[in-house]
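Input: a single structure, listed below in structure tokens.
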Amino acid sequence: MSTNTSEYLLEVKDLHTSFFTDSGEVKAVNGVSFTLKPGEIMGIVGESGSGKSVTAYSIMRILADTGRITGGQVLYRGEDLATYDNKKMAGFRGKCCSIIFQDPMTSLNPVFTVGSQIMEAIRLHTNKSKAEVKARAIEMLELVGVNEPAKRINQYPHELSGGMRQRVMIAMALACEPDILIADEPTTALDVTIQAQILELMQDLQKRLGMAIIMVTHDLGVIADMCDKIVVMYGGSICERGTADDIFYDARHEYTKGLLRSIPNVNNSKERLIPISGTPINLLNMPKGCAFCSRCDKAMKICLEQKPQEVSISETHQAACWMNIKKMMEEQAGGANA
Ligand SMILES: Nc1ncnc2c1ncn2[C@@H]1O[C@H](COP(=O)(O)OP(=O)(O)OP(=O)(O)O)[C@@H](O)[C@H]1O
Ligand SMILES: [Mg+2]
């Protein structure tokens, strides 16, 4: 039993993660910080390669062999996960924090029935009897909306549809009622109707079980309605954060504005999708200034030279963009001259 009184379930402080490859050090996560309270739903959004999954894997400490956390801390209920030994870390995974992986086919083992895989997840973290474990697996499948669960547990992953496999993944992740669920693009491979069903289901479970959720996605539209707060990632860093309203109606980073423009608009479906122009930065050779500056229409000289610090636009809203800093300085100067 932890004696810790931290109000946060999870605190990520200045996290840095790199992969050491033959071509050099790939700096995938560069100084990410955020907090998560019990029951809170946070979205992580960003283009492909922005470091969303690596941030999630760093929290769970499930990086590829070449990957290493090179700086910062991850605290769970105030305890630094770096101090956990392998056994304690294995207990953390699944029981305290579990993850729905981006691709269900790579995380479900094709040679075992789905039932045996869910039961294994339950067995690892509880002292339930064999019959109880089986009953729990069936109950979990029912909970995530899998029809005929008693029959399904004897089926193999390839016998299920994509949507069903995704539900099985969710059942596995939720089997031990974790405090934190990380859902890494849980719906990208699915068609729109099933996407909506799964998102609804996750919100329902969040309400019923009170867990916190980190929703990872490249699609801002998907998470708009469900998140208490959203962080926007680019080049392994958070460039903007705020409530859904802050991000949708008052975006202060050109990259966020670009992401918003790339969402298909339901009210005006004739409008073309506008992808953000330019290519993502080379993580092997990070620029000196703002990571987004080579793709930013509004870039100034200072953007090339110095990294912008995160500044507060309001209590809930922060952005790391020189334009905000410039504007604030001008306002202050204006105020001083008045
Ligand atoms: N094992 C690895 N070795 C080298 N580089 C890696 C490895 N895993 C990830 N990376 C690099 O780290 C960066 C961040 O990757 P990450 O998977 O976190 O992106 P992402 O935001 O999840 O993107 P997506 O939306 O495509 O899932 C990418 O440039 C990726 O190429
Ligand atoms: Mg990813």
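Residues in region 139-151 that are among the aliphatic types (A, V, I, L, M) and closer than 25 Å to A90 by Cβ: M140, L141, L143, V144.
Test Y8 against the stated conditions and say whether it is in contact with a Pro (Cβ under 9 Å, 6 or more places away or on another chain) and farther than 23 Å from D219 by Cβ.
Yes; evaluated as a whole, the condition is true for this residue.
Taking the criterion of being open to solvent by less than 60 Å² (accessible area, probe 1.4 Å), free of Cβ contacts under 8 Å to residues at least 40 places away in the same chain and within 16 Å of ligand 1 (Cβ to nearest atom), no residue of region 83-120 qualifies. Find the residue count for region 10-49, including only residues that are more than 18 Å from I99 (Cβ to Cβ) and either within 15 Å of ligand 1 (Cβ to nearest atom) or buried (at least 22 other Cβ atoms within 10 Å of the Cβ) (or both). Count: 16. Out of region 175-231, which residues are open to solvent by 10 Å² or more (accessible area, probe 1.4 Å), of a type in the set (G, A, S) and away from ligand 1 (no atom under 16 Å from the Cβ)? Selection gives A196, G210, A224. Mind checking whether some residue in region 64-79 is under 16 Å from the mean Cα position of the chain (by Cα) and within 16 Å of ligand 2 (Cβ to nearest atom)? No, every residue in region 64-79 fails to be under 16 Å from the mean Cα position of the chain (by Cα) and within 16 Å of ligand 2 (Cβ to nearest atom). Being in contact (Cβ under 8 Å) with a residue 24 or more places away in the chain, within 16 Å of ligand 1 (Cβ to nearest atom), under 23 Å from S6 (Cβ atoms) and crowded, with 16+ Cβ neighbours inside 10 Å: is that true of S53 here? No, not satisfied. State yes or no: is G162 touching a Leu at 6+ places or on another chain (Cβ under 7 Å) and on the phi > 0 side of the Ramachandran plot? No: the conditions fail for G162.
Note on region 314-338: among residues that are open to solvent by less than 50 Å² (accessible area, probe 1.4 Å) and not small (G, A, S), the one that is farthest from G258 (Cα to Cα) is I325. Take T70 and tell me if it is surrounded by fewer than 19 Cβ atoms within 10 Å (Cβ to Cβ) and touching a residue at least 40 places away in the same chain (Cβ under 8 Å). So T70 fits the description; yes.
Test S18 against the stated conditions and say whether it is out of contact with any strand residue (DSSP E or B) (no Cβ under 9 Å at 6 or more places or on another chain), away from ligand 2 (no atom under 13 Å from the Cβ) and over 25 Å from R165 (Cβ atoms). No, not satisfied. For region 249-281, the set of residues classified as more than 16 Å from ligand 2 (Cβ to nearest atom) and either in contact with a strand residue (DSSP E or B) (Cβ under 7 Å, 6 or more places away or on another chain) or modelled with pLDDT of 85 or more (or both) consists of Y249, D250, A251, R252, H253, E254, Y255, T256, K257, G258, L260, R261, listed by residue number.
The values are calculated or read from the model by the stated rules, or taken from the named source; none is laboratory data. No experiment lies behind these values; they were computed from the predicted model shown. Backbone-built Cβ (ideal geometry, glycine too); neighbour counts: all protein chains shown. Side chains included, ligands, DNA and RNA excluded: accessible areas come from the protein's heavy atoms. Shrake-Rupley method; radii C 1.70, N 1.55, O 1.52, S 1.80 Å.
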